[in-house]
Amino acid sequence: MIYHASINAADPAHVAQVLAEILHAHVIPAPVPPFPRGSQFVIVGDAYGTMIEVTPHGTLLDPAAPGGTRRDPAASSLGGFHLLVGSTLSAAKIETIGRREGWPVHYIETGLFAVVKIWLEGCFPLEVLTPDQMPSYVDALGAYGLEKLDEALRRLETMIAEGQGRDAG
């Protein structure tokens, strides 16, 4: 179970508000210290304590730094991390939010399940499962899908290699 994650944003307060809109969550300013000034907590308020920390761009996690974080304003806004979340919103509503913000939004069909990908501030990929998409995701990766997952992934590999696959997002 993943309970929380942290991401960087050029405008943490604004990104936190948009995330809260998508997740039907609440935004609470993070304590300073230990978090950098401007950091926000997006609190879902569910039974698991699900939260996304939004820290200012250039906040790096570093085990050698005091408190485990340091700033590097020259850090790239692109990275190798993305996050998949569930929402009660429709794909159309998520797309509307993305367009309103001027952020790219894509509908991705992976071959196992579909997601709506919204690129927060144009650089952080947030994948969102809508209520319609959640059953396919759970069927593929949930407890009952694990028995069939490797076989399904090998079929998908073959389809992509033969040019029949779709964007694997």
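We did not get these values from a lab; they are worked out from the coordinates using the rules stated. Keep in mind the model is a prediction, meaning the values are calculated, not measured. A quick note on method: Cβ atoms are made from the backbone with ideal geometry, for glycine too, and the neighbour counts reach across all protein chains shown.
Scattering from the C-alpha atoms of the chain alone, worked out with Debye: what is log10 I(q)/I(0) at q = 0.13, 0.15, 0.16, 0.18 1/Å? The computed values of log10 I(q)/I(0) come out as -0.72, -0.92, -1.01, -1.18. Kindly list the residues of the stretch 113-134 that lie in the label zone of Lys93, defined by a backbone N under 20 Å from the point 7 Å along the Cα-to-C-beta vector. Those under the cut-off are 114-120, 126-134. In a reduced charge model with +1 at each Lys and Arg Cβ and -1 at each Asp and Glu Cβ, the chain shows a dipole moment near 400 debye about its Cα centre. Backbone geometry of the stretch 38-46 corresponds, through the Karplus equation with coefficients 6.51, -1.76 and 1.60 at θ = phi - 60°, to 3J(HN,Hα) couplings of x, 5, 10, 9, 9, 9, 6, x, 8 Hz, x marking Gly and Pro. When exposed loop sites are taken as trypsin sites (Lys or Arg not before Pro) in a DSSP loop with at most 14 other Cβ atoms within 10 Å, the longest stretch of the chain clear of them is 38-165. Alpha-carbon geometry of the stretch 78-169: the Rg and the Dmax are 14.1, 41 Å, given in that order. Bridge orientation summary for the stretch 1-75: considering DSSP beta bridges with both residues in this region, about 65 percent are antiparallel. Approximating the spin labels as points 7 Å out from Cα along Cα→Cβ, the Ala13-to-Lys148 distance works out to 4.9 nm.
Mean residue ellipticity at 222 nm from the helices of the chain, using -39,500 (n - 2.57) per DSSP H segment of n ≥ 4 over the full residue count, to the nearest 500 deg cm²/dmol?
On the way: 4 runs with 47 residues, N = 169.
Counting only the DSSP helices, I get -8500 deg cm²/dmol.
Answer rounded, prolate or oblate for the stretch 1-75, using the Cα gyration tensor with square roots of eigenvalues a ≥ b ≥ c: rounded when a/c is under 1.5, else prolate when a/b is larger than b/c, else oblate. Verdict is prolate for the stretch 1-75.
For the chain, the share of DSSP beta bridges that are antiparallel, to the nearest 5, is 70%.
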